[in-house]
Every structure is written in C-alpha cells, then in structure tokens.
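As structure tokens, the structure follows; a few thoughts come after it.
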Amino acid sequence: MSFIQPLAIQQSLRLFRHELRRGELTIIFLAIVLAVATVFSLTSFSAQIKTALVDESSSFIGADRVLQTSRVLPKEIIDYSQRLQLNMAQQVLMASMVFAHDEMQLVSLRAVSALYPLKGQLLIKQGENNIHALHAPPRGEVWLAKKLFQSLAVKLQDNIEIGDAYFTITGIIEQIPDASFSVFTSGPSVIINIADLEKTKLIQPASRVTYKYLFAGKPENIDKFEKWLTPQLNDTQRWYDIKSSQSQLASALNRAEKFLSLASLLGIILAAVAVAVAARRYGQRHQSSVAVFKAMGASRQYIKQVYLFHWFILVTLSLLTGLIIGYVIQLIGLWAMADYLSTSSQTFSFYSLFAAVFTGIICALAFAFEPLQTLIRTSPLKVIRENDSPINRYSLLKQIPALAALFILLWFFSQDLYTSMVLFFGGIVVITLLLLLARLAMLFSKQVGSQAGQALQLALANLRRRANENSVQLVSFTIAIKLLLLLLVIKSELINDWQAQLPDNTANRFLINISPEQVNHLKHFIVENKLAASKAYPVVPGRLVAINEEKIQRKVTKENEDKSNQGRQGIGRELNLTWQKKLPIKNQIIAGEWWQENTDKFLVSVEEKLAKRLAIKIGDKLTFQLGADIFTVTVANLRKVNWQSLQPNFYMIFSPNVLAEFPATYIASLYIPAEKEQQFRLFLSQYPTITLLDVDAMLRQLRTVISQVSLAIEFILVLVVLAGSLVLVAQVQATMDERQRELAILRTLGAKGRLLRNSILYEFLALGALAGLLASLAMEVSLYFLQTQLFEMSPRFHGEFWLIAIASGSVFVGFMGMLSCWKLINKTALYHQI
Amino acid sequence: MVEELANSINKNIVLQVNHVTKQVKLDDKSLTILHGIDLEVNKGETLAIVGSSGSGKTTLLSLLAGLDLPSSGEIFLKQQPLHLFDEEQRSQVRAKYVGFIFQQFLLINSLTALENIMVPAELAQIKQARSLALKLLADVGLSERGDHFPSQLSGGEQQRVAIARAFITQPDILFADEPTGNLDSKTGEHITDLLFQLNQQFGTTLVLVTHDQKLAQRCQRIIEMDSGNLMRDSAINHLTSNLA
C-alpha cells in the first residue's frame, strides 16, 4: 500500500466521528471491547483465583510443593533450591513410643525444621486463651496432641522421654496444617525440633522413616526447580503439590481449574463470534457509501485507505476501551471477593494484557478480512443496482482467515493442540448439522404456517423467505445459548457434586480402636443422640503375601506406599482388612458380583486401582498372613471406592466367615453437631482406649475453599453471559437493513402496526425457541463428552435445562428482536412522507 | 493507441457511443439488454432517455457513465475510451468529468449535508471544497441545514443536496437517473427547475433517464428506448434502425 493520503485520513476520521456519535459503530465497538475485556479479565481473574486458591489450599500440604522420600535428600538438591531462593522446611515422620513416668504411648512423631510450616498454620496452645501460630519448637521442647496429656497423665512443663532424650512439654497441638487425613495413622502427634532428632537415637539403619522436604517460593522458581528435579526422582520419591495430592480438595481444585479454563475459552469464542457477526454487518452497512464514493470517482486505493484507517481507529479505540473495562471488571471482581481471597493478589499481569491485545488484534484482522475485502471491492454499479452485492455470496474459502483465527485462539488459550482440534472440528461438524436442522425447521414452518393466524403466517413466511440468513442467525443463537447452557449445567453440577460430597452431616469424627464390646455402647450412644454415623466396621491388620501362589512381598512395599496418596497412607506393609455381608455404601462393583449374605466361601472384594496395580483379576487366589495364620481367598469382585467420602474405606473386604475368628477392633465415622460435643466428650472419657480423629477443622477449611471456587465460577459465568448476549444482539442487528425495507413495503401496503409488531415478535420468538431446542440437543451431546472426558463426572439427562433453554431462548431473542426493531416499526411511517 | 483514438474524435462531442451491446448471463442463458446502440452527445446538450421499464435505459446510463463495461462496442467520454479502461481508470474519468444524481438520492448517511457535497470536490483535490460546498448549499436553499444528516432531511431536501454535490466539481457531463422518481410532483418540479438552472449556469452537458414526460420535454433532445434498442431520437427526428 502506498503512503496514506491525508485526504483519506480526513475522510476516515470524519466518517468515524459521525458514525460513532450516531451509534452506527456501537455493536462492532462493543463486540471488540467485550472480546478484549473478557479475555483481559478472564485470564487475569481466573489466573489470580487459581493462584489464590492454590496458595490458600497449599496450607493443606504446608508448602507449595513437597518431596516425600524414605531417605535423606542429596545435598545438591537442597543447594539448588537455595540458589533459586526457595524456602525449605524439613519434616521427619516416624512412629515411636513416648514415656512419661510409668505411662507409655505409641505416637506419630514429627521432627520439624525451623521454617515449618511454609504455608498454613501450626496452632499451638501454650496456656488458657493463649493459642499461637508457631513454627518448630525450641530445642529441648516438645508439643503434644491433646489426647496425650490424658493418656500419659502429664501437664505443661512436665518432662517426657522420646528415645534416648528428654523433652519439656511446652505446648498443646491444636492444628497441624498438613495433618494426614488417614484414619489409620499410628497415633497422636508429637512435634519436636529436627535438631533434637539425633540425640533421641531413634533413627537406626532399619527404621521406617519418612522424610518430607517442603518447598515454597515464587511460582516461576518453583516451576524451574520442578523441571530440574522431577527427571531425577526415583520410585521411592514422591513430588506433589496440593492439586496432585489426590485429596478431596485437590479434586475440587482441579475441576474448578478446568471449569475456569473452559469458561474462559467459551467466553472468548462467544466474543469472537460477536466480532465476526458485527464485522460482517460493518461491511454490509458501508457498501452503499463505498459505491457512492466510487461513482464519484474515488479510486480503490482511496477506498482502501479510508476504510482500513477507519477500521484501524475503531479497533484501536475498542482495544483500549476493552483493556480499561477489563481491568475495572477484574478489580471489581477481586474487590467483591476480597474476603474470600485472603492472599493479596497482583492486579495487573502482562500475560493478560498480551492475551487481550492478541485476541483483539486477531479478531479485528481475521474476522474483518473478508467483509473488508468485499467492501473495498464493492462495485460502483451498486448505486444503480441495489442487489449487485457480492457480500451475500458465501464461500468457504473466504472464511479461511476467520476459521484460522478461531483455531489460533482456541490453541492459544487451551495450550493444547488436541483439545483445540477436537473443539474446532467438533464445532464445524455441529454447525453443519445445526445448519441442516435449521433449514429443515424452516421448511417445517410452512406446514404450520398454513394453519396459523395472520401475524404468525407473516412471521413464518418471513422465516422461510430469509431461510439462508435465518439459518445462520439460528445457528449463532443456538451456539450462544448452547455454550451458556453448557456452563450453567456444568457449574451447577460441579457445585452440587461438591455439596453432595460434603453434606451438612458429613462425618467430622472418626473413632478407631473400638473393641467389640464397646461397639454396642457406641451404637446406643448414636441412637440416643440421633447422630448420623457410618456402621462400625471390623478391622483386622493383615498382609497380602501371594497372588496365585506367587509371592508378592516386593510388590506391595515402599514403592507402592510412596506412590499412594496422603489419604491412603499405611496400606503398604499391612492392610486393614474387614469383612461385610453387604456392599458398603458409596462402593460400586465394576467387575464380578457381590456374594450372598450367607456364603460360606472364602472370597475377597478388591479395590479396583489396587487390583490394577497388582494385576489382580477375578478368580485369582490371594494369600494373606494374619499373625501366624495364613489363608487363601478367591477374588470375587472388583470394587470402585469413593475415597473422597468421609467414611471408612477399605482395599480388601472379605466374605463374612473368613475373618470371623480373628480378633478385631472396630472403626466408625460420625457427625457430632456442636450442641452434642459435650455429651460426645463425656462418652469418650468412659472409653479411653478409643482413638478419636477430629476432621472438623479440615472440613471447615474445605467448605470455605469450595465456596470461593463456586463464587469465582459464578462471576465468570456472568462475563460469559454478557458475551453470549452480545452475539445475539449483533446477530439481530445484522438483518436490520433488510427488515427496514420490508417493513416499509408492508406499511405502504397498509399493514397495521399491530400486525407488524406481532409478526416480528412471533418471528423472533420462534427463532429463539428453535435455537433453545437445538441448543439443548447440542448441549446434551457436548456435556456427555465433557463430563465423561474432562470432569470425570457421571453424565445424565438434563430435561429441566431443555425447558429453561427453550423458554429463555424465545424470551431473550424475542425481547432483543423487538427492542432492535422497535425503532423500525415506528420509523417506517416516515416513508409515507417522502 | 488511446491518444490516436481520442484525437480522431470531434472535440465538441462529449459522449460518443458506437455499436454498444450489453449481454448478461442469467442462469445458463445469455440475455441481451442493449442491441448495438449508437449515440453522440454534444457539449452543453441536454438529453433525456425515455422508455418503459426494462427497455434498457438505466443499463445504458451505467455504461455511459463508466460504471459498467459494454459487452462490445465503444464508448468515448471526453475522448476517453471507457470501453478499454479498467475500474480504476474509469474512476479517474468520473472524478474528472462526471457528476451524478440518483433516484434514491444516495447521500452518504454518516456524513452531513455539507460533507456530502464536499466529497466529489475533495476527490478531485479541489482546495476550496468547503467554501464551494457552502455556496452550493446556499444555491439549493439549504444554508441552514449543512450540519444535518441525510436522515434528518426530507426527500426533496436530500435531492437538493445531491444536486449541489453533482455540480460542485463543475463536471463536463452530469448523469441523472430518475431524479424526480422518488418525489411528489410539486417537489419534483422544484428539483427540475433547480437542475436546469444550475445546468445553464455551469454549461454542463446533461444526460438523464426518466419516466417523467414533463421533465423529458425540458431537454433539448429526447431519445426513446424499447427492448434494448434506440427507437427515436427527437433532435435529429428520424428513427434509427437496429443494427444488431
């Protein structure tokens, strides 16, 4: 392009100024503004929510990342973490006996370094109303779990003996951030300083010790460290963050993150579609002006300069406005959620800025390419022949830049080629099918039309006559409604799913080591106080020694234990075995069959993941050792276990008569509401041998995080709804010129205002309802794939959303259509005066 | 070659049409809209092309003005062979010599009345476009409406703006397509008066297509078209035969 002429710039600015003031550029302006604002606020907001959530929930593991290992880490790993300025804390965990006077107790000992915990709070009570968040205890001091004060008969400032060393008790443990959720931990917690570990002489060559190295620091440094470290890890080392910790929280966070990404992606697609529709309209609107310019002798070069510069100012202004609005939306969002996001968030990110500008430019270039090209090529002959309009001729080839742009956006935001291809080509197939369906529906309207009233007949006749444009319009409506529905359904199902996992009466206490004679007392207590509780499961510790007579000692060892997760620690050497007549709730048979209640066969039900890991099949013979006894059972079925349910869960469940002769203790979970707390404590004080595991604090934290995620999701949904609405408005606007002409003709022919109004209303209502119906269909199909593939949820049919889609589709499209045409209906009267 | 052709034409002839035909493709068939038209228009002449709908008069006008190309034959406008020119060259010819008035007025909706009038002058790079436009606006009696947009003007006012726009470059030839077609008879008369008044004032050659007999009668010469043929030329007062 040669150097731009000042005259062309002047003409551009003149057109732009007037058009902007007269509202002729509003839709395209809003479309680009929304695309940019959506991308800016979504990327930065969802990134910040993710960071804040992960940051906050990282307190559940006490760090950003944890390296768990059975041996001391080589020095170079620690050195490298220091070079990256990462904070590091160390924990050594083991089971040990502690002694006080004549009492002794098996405890879970944690020797921690000075910085522990890096995230979250270690709450220590050091006197009445004197609870502080502390790090490691000073050397020579020890902090004990509350229960130990009773069982060891000690008080603060007393001395206890751990291994070969003596410690002074200076605190009561109120909360350990990374406490194990496992109900089978080996005893109440005891915390000492790691520097004191050596003098206890507890670590011997054969000791079973777990080392946890906790790391925290700037995300980029953590990532760098992770990239460097993970290739060096061996099977006995496990590197995890909160999201890979496989806890209930991790699952919620992972799903929320996927949802936020998906919502952002769909929001961006909707905004891009709005830009595409509006750009086409922009091209069409300016055609007659270009024809006049050309008839007056304007060269193509001049037209090119005028309109490219016009477009350039429009895009620049929209981009800047979009960035400002996006920034404000994000600030409002962060402000609204300030109470939930305790971590102070960075309010500006260059990535978001880049992503927003990139999206704006891609949309502005690619979606405007074809309409602008056609506009510049407008024939001057159009001044004489109105219908000499090449823009109405669709060609797939011309759509390549727009399609390529959409693909680039998908790829850029999903960072995943496979997902982008699936969404892109899936989208093309869906759109083609929708177009066909839309055409069919238009044809069908002919049958209905012949029996309808005057206004409805006119509406249906209009629908058919504009079948081509209406099909395109219908498909846009459908896509917008479908994407909104999709997010709405996933949102409500995600939140329902989380809430279903944590109903109000979720067990907040586990009781372990209940003796058989105590079980009835417990049952009595539960009935008397009307408590929600699981049944009491018998537990016998045993060891799996062979599969099909092949010894597997080495298979179920450290390696498996280290690869297991926090919630399932302790299954390695000894498994907690139980027996049941019936399949426990929240367990599901996925292969084989559950046994008859009165079976006398020696059968076992195996948890599916363990079965997979050990290559256990139905019919295999498993040999167990319980103390000195060895027996063999047949695998009757494989079982899917919901590890996230707060109830006792087991890897191995035997048929009733296998273990009946072995001495067992019982385990149960129950929900103790606040008002029953005192009775519960009183009850427990009668049975000091029962171990209590309190998960109430953890549940509260979990609920807080989930409510934050839910709020974030709703906020993003609002943005996506805005983008969807703009698509609808842009699409309605796109047919305004033709409608204007038609209305003028109908008016001239004497059609009454009411007839025109009703026919327009019916036309849009029908379009909206049809779009709602098609959208529901498309949503159901997409949802099936998303829920099964992405969110790992069970798919189901969503009848209620079909009704919502059809009703809201027709109301919204009808309303928007009427609103856009209102001026036209009244304006057509002017044509009489000409 | 272009120069040779140009020199061979009488300088007094503004428009010369030799054996022009126009065919269009409709589905698979070829339809002939104009059959071998021959026509000469002299400088300062006023010419009305009349005929029933579909007789080909608007098609002829679009060819004469260089908006479209003939299928065969020659068209010279101010000695410029339009039939040999591409779109860009024809644009230049239009900018330099041609003015337009349309039935639909065709003002640019997002420009004010004044700015609409300025467009051709700016395209022809006339420096005092604004002052000229203001003067013409006054000439057509719309001094007070310069800041108004087309949608704020009545049909008659819009056509007056269009007339001012057509004359601002003092074109050698002005083409008008049914200039009163969208106006009531009273407004139509006003517009006709204005058109001829300015035409006289600037000495412009006027070629107009119309159904309006009154308007046609005011021209020095009337040619009648029927089914793509030039049937009668009132000035030379004899029937031309179809040569095609």
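None of A:Gln588, A:Gln647, A:Gln625 is under 29 Å from the mean Cα position of the chain (by Cα) and part of a strand (DSSP E or B) except A:Gln588. Being closer than 24 Å to B:Gly203 by Cα, away from chain A (no Cβ under 12 Å) and out of contact with any Lys or Arg (no Cβ under 7 Å at 6 or more places or on another chain) holds for only one residue in B:Leu82, B:Leu132, and it is B:Leu132. Scan the range A:466-483 and tell me whether some residue there is in a helix (DSSP H, G or I), of a type in the set (Asp, Glu), surrounded by fewer than 15 Cβ atoms within 10 Å (Cβ to Cβ) and at pLDDT 65 or above. There is at least one residue in the range A:466-483 that is in a helix (DSSP H, G or I), of a type in the set (Asp, Glu), surrounded by fewer than 15 Cβ atoms within 10 Å (Cβ to Cβ) and at pLDDT 65 or above.
Of all positions in the range A:288-296, at least one carries a residue that is at pLDDT below 90 and surrounded by fewer than 22 Cβ atoms within 10 Å (Cβ to Cβ). All of (1) assigned to a loop (DSSP other than H, G, I, E, B); (2) at negative phi; (3) exposed (fewer than 14 other Cβ atoms within 10 Å of the Cβ); (4) not small (Gly, Ala, Ser) hold for A:Gln157 with one exception: (2).
Condition first: at pLDDT 75 or above and of a type in the set (D, E, K, R). Now tell me which residues in the range A:787-834 satisfy that. A:Glu800 - this is the single residue of the range A:787-834 that is at pLDDT 75 or above and of a type in the set (D, E, K, R). None of A:Val66, A:Val54 is more than 14 Å from chain B (Cβ to nearest Cβ), farther than 30 Å from B:Lys127 by Cβ and at pLDDT 80 or above except A:Val66. Taking the listed residues B:Glu144, B:Glu115, B:Glu122, the one that is more than 14 Å from chain A (Cβ to nearest Cβ), under 22 Å from A:Arg17 (Cβ atoms) and free of Cβ contacts under 8 Å to residues at least 40 places away in the same chain is B:Glu144, with no other qualifying.
Annotation note: Cβ proximity below 8 Å between a residue of the range B:88-111 that is within 24 Å of A:Phe16 (Cα to Cα) and more than 7 Å from every other protein chain (Cβ to nearest Cβ) and a residue that is in a loop (DSSP other than H, G, I, E, B) and of a type in the set (S, T, N, Q) (sequence gap 6+ or interchain) occurs for B:Gln104/B:Asn182; B:Phe105/B:Asn182. Of all residues in the range B:177-192, those that are charged (D, E, K, R) and crowded, with 17+ Cβ neighbours inside 10 Å total 2.
Scanning the range A:57-101 for residues that are over 23 Å from A:Leu122 (Cα atoms) and of a type in the set (Ser, Thr, Tyr), which turns out surrounded by the fewest Cβ atoms within 10 Å (Cβ to Cβ)? That would be A:Tyr80.
With respect to the conditions (1) modelled with pLDDT of 80 or more; (2) under 19 Å from A:Pro219 (Cβ atoms), A:Ser59 lacks only one, and its number is (1). Within the range B:192-210, the set of residues being at pLDDT below 85 and either within 14 Å of the chain's Cα centre (by Cα) or within 14 Å of B:Phe100 (Cα to Cα) (or both) comprises B:Leu195, B:Leu198, B:Asn199. Note on the range A:283-313: among residues that are in a helix (DSSP H, G or I) and of a type in the set (S, T, N, Q), the one that is farthest from B:Phe149 (Cα to Cα) is A:Gln301. Scan the range B:192-216 for residues that are within 14 Å of chain A (Cβ to nearest Cβ) and either in contact with a Lys or Arg (Cβ under 7 Å, 6 or more places away or on another chain) or farther than 19 Å from A:Ile384 by Cβ (or both) and jot them down. Within the range B:192-216, just B:Val209 meets the criteria.
Let's see how each residue does on (1) more than 12 Å from chain B (Cβ to nearest Cβ); (2) in contact with a strand residue (DSSP E or B) (Cβ under 7 Å, 6 or more places away or on another chain); (3) surrounded by fewer than 24 Cβ atoms within 10 Å (Cβ to Cβ); (4) charged (D, E, K, R):
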{"position": "A:Lys258", "(1), (2), (3), (4)": "yes, no, yes, yes"}
{"position": "A:Gly267", "(1), (2), (3), (4)": "yes, no, no, no"}
{"position": "A:Ser299", "(1), (2), (3), (4)": "no, no, yes, no"}
{"position": "A:Ser318", "(1), (2), (3), (4)": "yes, no, no, no"}
{"position": "A:Gly333", "(1), (2), (3), (4)": "yes, no, no, no"}
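Of the numbered criteria (1) away from chain A (no Cβ under 14 Å); (2) buried (at least 20 other Cβ atoms within 10 Å of the Cβ), the one B:Ser71 fails is (2). Counting the residues of the range A:655-673 that are buried (at least 19 other Cβ atoms within 10 Å of the Cβ) and either touching a helix residue (DSSP H, G or I) at 6+ places or on another chain (Cβ under 9 Å) or among the hydroxyl-bearing types (Ser, Thr, Tyr) (or both) gives 9. Among the candidates B:Asp193, B:Asp172, B:Asp184, B:Asp212, the residue that is of a type in the set (D, E, K, R) and touching a Phe, Trp or Tyr at 6+ places or on another chain (Cβ under 8 Å) is uniquely B:Asp172. Residues that are at pLDDT 80 or above, of a type in the set (D, E, K, R) and surrounded by fewer than 17 Cβ atoms within 10 Å (Cβ to Cβ) do occur in the range A:572-584. Only a single criterion out of (1) part of a helix (DSSP H, G or I); (2) within 17 Å of A:His286 (Cα to Cα); (3) modelled with pLDDT under 80 is not satisfied by A:Leu334, namely (2).
When B:Thr58 is tested against (1) within 13 Å of chain A (Cβ to nearest Cβ); (2) modelled with pLDDT of 90 or more; (3) out of contact with any helix residue (DSSP H, G or I) (no Cβ under 8 Å at 6 or more places or on another chain), just one condition goes unmet, and that condition is (2). Just to be sure before I move on: is A:Gln150 of a type outside the set (Gly, Ala, Ser) and on the phi < 0 side of the Ramachandran plot in the structure I sent? Considered against the rule, which asks whether it is of a type outside the set (Gly, Ala, Ser) and on the phi < 0 side of the Ramachandran plot, A:Gln150 comes out as yes.
The values are calculated or read from the model by the stated rules, or taken from the named source; none is laboratory data. Just so it is clear, the structure is predicted and the values come from calculations on it, not from any experiment. Counting neighbours? That spans all protein chains shown, and the Cβs are built from the backbone with ideal geometry, glycine included.
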